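The values are calculated or read from the model by the stated rules, or taken from the named source; none is laboratory data. Just so we're clear, the structure is a prediction, and the values are computed from it rather than from any experiment. As a convention, Cβ positions derive from the backbone with ideal geometry for all residues, glycine included, and neighbour counts pool all protein chains shown.
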């Protein structure tokens, strides 16, 4: 097979990386003659994809997805009038938007890098079977992960599984059902290959293990309306004994918290997480925020006494006005790494299982899972719920408050549960039914004649 040389961003010399498997000097070029001569070089390439994911806020994994979907939904209010952010807030996204292009391009970049590693592994003869399994499991997970977010955000997309530029330049969109099948195939392949614990990463939860794949599979099954499997996969994560809900809410987003299933370790020595850097409003402001603050809709939605409202939201006062901001990440900048970027965590698995159980009319089991989340939030426990609609409504409330400003959960929940029109049309003057999908970036359509633009753009 003819290899296409590609550039990978590899290990960044930050604290947590030192605990991973030792790596050789950074590999910047892949070829069939130099790639993966041993486990060290293969590990460097896999590690490089994780590092790449955290190099910029604008990428799909850097925090920009949280910002843009929060604007599109009802989590953020924008103060950047006339900007690209304003277009997302008004659900009037320009297909030429640089933010939009960044989401698409970075996701496919990580997919391409994952495919390159898979192809490299297939040609290597000097990697131990255990290391080979772990690396293959990781990159198949990462490929599935990126395709999942592309599917939810853009709808029908190409599923890319090669580095062949000729094939990729003429890739065609496939149906949601087909993409889900391919995602589940990748995750199904990854689950038995991945390590059960985190010994391969020195105890750091900054690379994916078997529970990561199980957790993402639970979410995929939920989105695909496979309630039985969604419950089963979430139960495997919850019952693994590796994770527990943090009783102290201020510790949930710390590096290697007991709730973390998968986090991304920062690579920029000046910051912890990009979201902390971008969203925290500090200093002595004299005017409204330059970009965003939390919406009144979110601020006014909390149940009295909810500890999440008290701990995960902070505010600044400017004259007569108070502006609220997410405070899940409490460090705005600084090189002392205390917070890792949370990608998958245990609380979501309880909420996935609660919803899957509700859809199977197991309201007792669903209430047990809801109460696990409410108890940690210092809220009164629910006694019972007797109808599916009321159970799903309560789960929706808990998902909104538990997962706010995390990876677009609110936006994707409104879309997948067909609630976007009812919730957003009263507060978004220009709202249209077609706004539930973002446009395919215009540059991609120009480059690939087989791509078809989404309706409404």
| query | Which one of 41, 78, 55 is over 15 Å from the mean Cα position of the chain (by Cα) and free of Cβ contacts under 8 Å to residues at least 40 places away in the same chain? | reply | 41
| message | Can you go through 50, 79 and tell me which one is crowded, with 21+ Cβ neighbours inside 10 Å and either over 25 Å from residue 439 (Cβ atoms) or touching a strand residue (DSSP E or B) at 6+ places or on another chain (Cβ under 7 Å) (or both)? | response | 50
| in contact (Cβ under 8 Å) with a residue 12 or more places away in the chain, surrounded by 20 or more Cβ atoms within 10 Å (Cβ to Cβ) and under 18 Å from the mean Cα position of the chain (by Cα), is that true of residue 272? | yes
| message | Restricting to the range 119-175, count the residues that are assigned to a helix (DSSP H, G or I), more than 30 Å from residue 200 (Cα to Cα) and either at pLDDT below 95 or in contact with a strand residue (DSSP E or B) (Cβ under 9 Å, 6 or more places away or on another chain) (or both). | response | 6
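Condition check ((1) free of Cβ contacts under 8 Å to residues at least 24 places away in the same chain; (2) buried (at least 18 other Cβ atoms within 10 Å of the Cβ); (3) part of a helix (DSSP H, G or I); (4) in contact with a helix residue (DSSP H, G or I) (Cβ under 6 Å, 6 or more places away or on another chain)) across all residues:
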| site | (1), (2), (3), (4) |
| --- | --- |
| 180 | no, yes, yes, no |
| 188 | no, no, yes, no |
| 200 | no, yes, yes, yes |
| 205 | no, yes, no, no |
| 215 | no, yes, yes, yes |
| 222 | no, yes, yes, yes |
| 228 | no, no, yes, no |
| message | For the range 91-105, check the following and say yes or no: at least one residue is at pLDDT 95 or above, buried (at least 19 other Cβ atoms within 10 Å of the Cβ), over 23 Å from residue 449 (Cα atoms) and in contact with a helix residue (DSSP H, G or I) (Cβ under 7 Å, 6 or more places away or on another chain). | response | yes
| remark: A careful count of residues in the range 334-373 that are at pLDDT below 95 and either surrounded by 20 or more Cβ atoms within 10 Å (Cβ to Cβ) or in contact with a helix residue (DSSP H, G or I) (Cβ under 6 Å, 6 or more places away or on another chain) (or both) gives 1
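Here's the yes/no breakdown for (1) closer than 16 Å to residue 402 by Cβ; (2) crowded, with 20+ Cβ neighbours inside 10 Å; (3) modelled with pLDDT of 95 or more:
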residue: 262; (1), (2), (3): no, yes, yes
residue: 284; (1), (2), (3): no, no, no
residue: 306; (1), (2), (3): yes, no, yes
residue: 319; (1), (2), (3): no, no, no
| Entirely in the range 292-352, the strands (runs of 3 or more DSSP E) that have 3 or more residues that are free of Cβ contacts under 8 Å to residues at least 40 places away in the same chain | 313-318, 321-326
| How many residues are buried (at least 19 other Cβ atoms within 10 Å of the Cβ) and not in a helix (DSSP H, G or I) if we restrict to the range 230-244? | 1
| note | Counting only residues in the range 424-440 that are closer than 16 Å to residue 411 by Cβ and free of Cβ contacts under 8 Å to residues at least 40 places away in the same chain, the one surrounded by the most Cβ atoms within 10 Å (Cβ to Cβ) is identified as 436
| said: Checking the structure you have, find out if any residue of the range 113-123 is buried (at least 20 other Cβ atoms within 10 Å of the Cβ) and within 19 Å of the chain's Cα centre (by Cα). | reply: yes
